[in-house]
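**Q** Dumping the structure here so I can ask a few things about it.
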Amino acid sequence: MQSNYVRIFDTTLRDGEQSPGATMTSTEKLEVARGLARLGVDIMEAGFPAASPDDLEAVRRIAVEVGNGVDGRQPPVICGLARATRGDIEKAWEAVRFAARPRIHTFLATSEIHMKYKLKMDREEVLRRVREMVSLARSLCDDVEYSPEDAGRSDPEFLYVVLEEAIQAGATTLNIPDTVGYTIPEEFGQLISNIMRNTRGIENCVVSVHCHNDLGLATANTLAGLDAGARQAEVTINGIGERAGNTALEEVVMALHTRPAQYNLNTGIDTTQITRLSKLVSNYTGIVVQPNKAIVGGNAFAHEAGIHQDGMLKHNQTYEIMRPEMVGAAQSKLVLGKHSGRHALKARLASLGYGLEEAEMDVIFERFKLLADKKKTITDADLEALVADELYQPRELFVLDGLQVSCGTMGMPTASVRLRDPEGNLHLHASMGTGPVDAAYKAIDAIVQQPSELQEFVIHAVTEGIDALGEVSVRIQGTDLKQNAQKDLDQPRTFGGYGADTDIVVASAKAYLSALNKMLVATGRYDRVEAPAVQQVVAS
């Protein structure tokens, strides 16, 4: 591989999913994986197989269905994370071995604070564990990555020794993580330079960088590491991840793309896919992209100040260093409306990267026609919202079958909600609230009977105009449930939901049900749903 090529290692499905409330279902992870393959990432960290049987199965599905190629593209490397233990490594191999290009990624901390308080191991014990576990991983898989966790706060001299042990044991990629986002660019760049100069055998490995954003320096640190000689960048879509997040894929890729004279580095990323995948990940995780987010934020290519607008009218480069179409944010050139046919719709969806089956097209076309009766023209953003709302929701346990609200300045806001349960039974409930959405949520709660607390509620219009399709994202937290794997945590898990409709109250109800369904699936509660055929209750 050419020396100025940077491998993009995407960990949205592993480190990104560790954002509070960002848990995705297996189906959602598979769809994001397909999107990452179309984007052109070189390595895809599909999950942490030892975390749970569901995560192992999700990684296995990605290895089988994405790790052998999507749409005729070269298959990406499919990677599974593993702690430096025999059980973790064997489960990682069990999950990724079905891919054409599998990788095992194992890690063990090297900073004094981690070794003393977390691992309770001395330096010799760490060296021995690295040697044994990297050797085990290499005996199973030809492609092995090792990460010295908290490398940014580790003793550099000890770090060189640990990395040499990993190389001798068979590691092919050495990842240097700034695990807690502590370093600054000059410091991190110097760390990479010193590792390149002082680690024997490093010329036979790819050096990688993995930075966190606790001080807002993740992208700057990553670019400093690449400038110092690293040739793999570990990133996530929208920069999601633990605490303040990870390095954002879109920021690193577009920095390299926009400043070739500065870095003289390139990637294999199809930048026109960035905006679509950003929206998909945002919808699935329930984590809304801030308007002023670089590259993919709603205001990234917006100009309101008069001076800026005047400059843009004269020449776009006065205030834009990249064009929106470069990242897939351009408006549709094919106008779709109520007279458009199935073939035109299918062609437009294909151009947006959606390869839908005929059954899926039937569903989308029906929704498209209903929307076209309400809107004059349908934009790309509308289509993407429809696809996300119809096809990529979690398993529907409770389905919205009807909603009627009464609100205004006269009387109390009231909502009547009808849901269909997993057995196909209908449930009807009416509740009052402080507003129509609150009333609808109370009615849904009365039927589903899954205790939860609304943590976040975000609403925005997909396009301009009073007839715009509205999107709602919510995050909820279970108040009485904790996953078996997280019994030691103080807080129960959070779940995100997404809904879209021209009626914003309906979109709100869909989003809330989406989050509740995720919670029910994750906890296994759906196996115990018991209810009469029809409930009719009016709350006082």
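**Q** Looking only at the stretch 144-157, decide whether some residue is in a helix (DSSP H, G or I) and closer than 16 Å to residue 230 by Cα.
**A** Within the stretch 144-157, one or more residues are in a helix (DSSP H, G or I) and closer than 16 Å to residue 230 by Cα.
**Q** Could you give me the residue pairs with C-beta distances under 9 Å whose first residue belongs to the stretch 113-128 and is touching a residue at least 12 places away in the same chain (Cβ under 8 Å), whose second residue is assigned to a helix (DSSP H, G or I) and among the acidic types (Asp, Glu) wherever it lies, and which are 6+ apart or on separate chains?
**A** Note: pairs meeting the criteria are 127/165.
**Q** Being of a type in the set (S, T, N, Q) and modelled with pLDDT of 90 or more is the filter here; which residues of the stretch 291-327 pass it?
**A** The one that is of a type in the set (S, T, N, Q) and modelled with pLDDT of 90 or more: 292.
**Q** Does the stretch 52-69 hold any residues that are outside any loop (DSSP other than H, G, I, E, B) and surrounded by fewer than 19 Cβ atoms within 10 Å (Cβ to Cβ), and which are they?
**A** Of everything in the stretch 52-69, those that are outside any loop (DSSP other than H, G, I, E, B) and surrounded by fewer than 19 Cβ atoms within 10 Å (Cβ to Cβ) turn out to be 53, 54, 57, 64, 65.
**Q** Quick test for you: out of 110, 85, pick the one residue that is in the same structural domain as residue 123 (by TED's automatic domain parsing) and surrounded by 23 or more Cβ atoms within 10 Å (Cβ to Cβ).
**A** 110 is the lone residue from the list that is in the same structural domain as residue 123 (by TED's automatic domain parsing) and surrounded by 23 or more Cβ atoms within 10 Å (Cβ to Cβ).
**Q** Restricting to the stretch 398-428, what's the tally of residues that are touching a helix residue (DSSP H, G or I) at 6+ places or on another chain (Cβ under 6 Å) and under 24 Å from residue 456 (Cα atoms)?
**A** The qualifying residues number 10.
**Q** Could you go through the stretch 504-511 and let me know if any residue there is modelled with pLDDT of 90 or more and not in a helix (DSSP H, G or I).
**A** Looking for residues that are modelled with pLDDT of 90 or more and not in a helix (DSSP H, G or I), one finds none in the stretch 504-511, hence no.
**Q** Any idea how many residues of the stretch 34-43 are aliphatic (A, V, I, L, M) and either under 12 Å from the mean Cα position of the chain (by Cα) or farther than 15 Å from residue 7 by Cα (or both)?
**A** Going through the stretch 34-43 one residue at a time, the tally reaches 1.
**Q** State which residue is nearest to the chain's Cα centre (by Cα) when the search covers only the stretch 160-176 and only residues that are of a type outside the set (Val, Ile, Thr) and surrounded by fewer than 22 Cβ atoms within 10 Å (Cβ to Cβ).
**A** Step by step, filter the stretch 160-176, then rank; the result is 170.
**Q** Identify all residues within the stretch 380-399 that are part of a loop (DSSP other than H, G, I, E, B) and at pLDDT 75 or above; write none if there are none.
**A** Correct list: 397, 398.
**Q** State all residues of the stretch 187-216 that are in a helix (DSSP H, G or I), of a type in the set (A, V, I, L, M, F, W, C) and either surrounded by 15 or more Cβ atoms within 10 Å (Cβ to Cβ) or not assigned by TED's automatic domain parsing to the domain that holds residue 161 (or both); if no residue qualifies, say none.
**A** Passing the criteria: 188, 191, 192, 195, 202.
Here is a yes/no grid of residues against (1) crowded, with 17+ Cβ neighbours inside 10 Å; (2) at pLDDT 90 or above; (3) outside the structural domain of residue 519 (by TED's automatic domain parsing):
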| site | (1), (2), (3) |
| --- | --- |
| 431 | yes, yes, no |
| 439 | yes, yes, no |
| 453 | no, yes, no |
| 464 | no, no, no |
| 478 | yes, no, no |
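**Q** Between 104, 89, which is at pLDDT 95 or above and either farther than 30 Å from residue 57 by Cβ or not in a helix (DSSP H, G or I) (or both)?
**A** Only one candidate passes the filter, namely 104.
**Q** With a cut-off of at least 3 residues that are buried (at least 21 other Cβ atoms within 10 Å of the Cβ) and in the same structural domain as residue 35 (by TED's automatic domain parsing), name the helices (runs of 4 or more DSSP H) lying wholly within the stretch 221-308.
**A** 249-258, 274-285
The values are calculated or read from the model by the stated rules, or taken from the named source; none is laboratory data. Worth saying up front: this structure is predicted, and the values here are computed from it rather than measured. In this analysis, Cβ positions are derived from the backbone assuming ideal geometry, glycine residues included, and neighbour counts consider all displayed protein chains.
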